[in-house]
Amino acid sequence: SYGITIVIEHIGRFTAIYSGLSDKVLVKKGDKVGVSQEIGYVDKVPCEMAEPSHLHFAILKDGKYIDPSTIF
C-alpha cells in the first residue's frame, strides 16, 4: 500500500525504509549504496493518493521503528 519501496540495511543496527518511489529505481537488490547516492525518484504513495507526491521514510533500530530525527 506504500508503493515501490527500497530498504537499506546500514552497518550497525539501523535499517532505512524509503517508500512512495517511482518505477525508475536506480538500485537493485544486493547493491551497496554510498552517501548521497541517488536510489530513486519520489512519486505518489498509493495509500495516500489524496496527498501530493512525497517520500515515506522510516528508520528501524534493532527492528523497532524510531523517530528519524534522533539520529540525524
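The values are calculated or read from the model by the stated rules, or taken from the named source; none is laboratory data. Just so we're clear, the structure is a prediction, and the values are computed from it rather than from any experiment. Keep in mind that these areas ignore ligands, DNA and RNA; they rest on the heavy atoms of the full protein, side chains included. Shrake-Rupley method; radii C 1.70, N 1.55, O 1.52, S 1.80 Å.
Couplings 3J(HN,Hα) of the stretch 62-70, computed from phi: 6, x, 10, 5, 10, 6, x, 5, 6 Hz, in residue order, whole Hz [Karplus 6.51 cos²θ - 1.76 cosθ + 1.60, θ = phi - 60°; x for Gly and Pro]. Among 27, 45, 35, the residue with the largest mean-square fluctuation in a Gaussian network model of the chain, with springs joining Cα atoms closer than 10 Å, is 35. Backbone amide hydrogens, once placed in the peptide plane, bring residue 10 within less than 5 Å of 15, 16, excluding anything fewer than 5 places away on its chain. Taking amide H as placed 1.01 Å from N in the peptide plane, residue 45 has its amide H under 5 Å from the amide H of 54, each at least 5 places away in sequence or on another chain. By definition, a body whose alpha carbon gyration tensor gives a ≥ b ≥ c is oblate when a/c is 1.5 or more and a/b is not larger than b/c, and the chain fits this oblate description. Of the listed residues 36, 53, the order by accessible area with a 1.4 Å probe, largest first, is 36, 53. Backbone amide hydrogens, once placed in the peptide plane, bring residue 4 within less than 5 Å of 20, 21, excluding anything fewer than 5 places away on its chain. In sequence order, the stretch 9-19 has phi-based couplings of 8, 8, 4, x, 10, 10, 10, 9, 10, 10, 10 Hz under the Karplus curve 6.51 cos²θ - 1.76 cosθ + 1.60, θ = phi - 60°, and Gly or Pro positions carry x.
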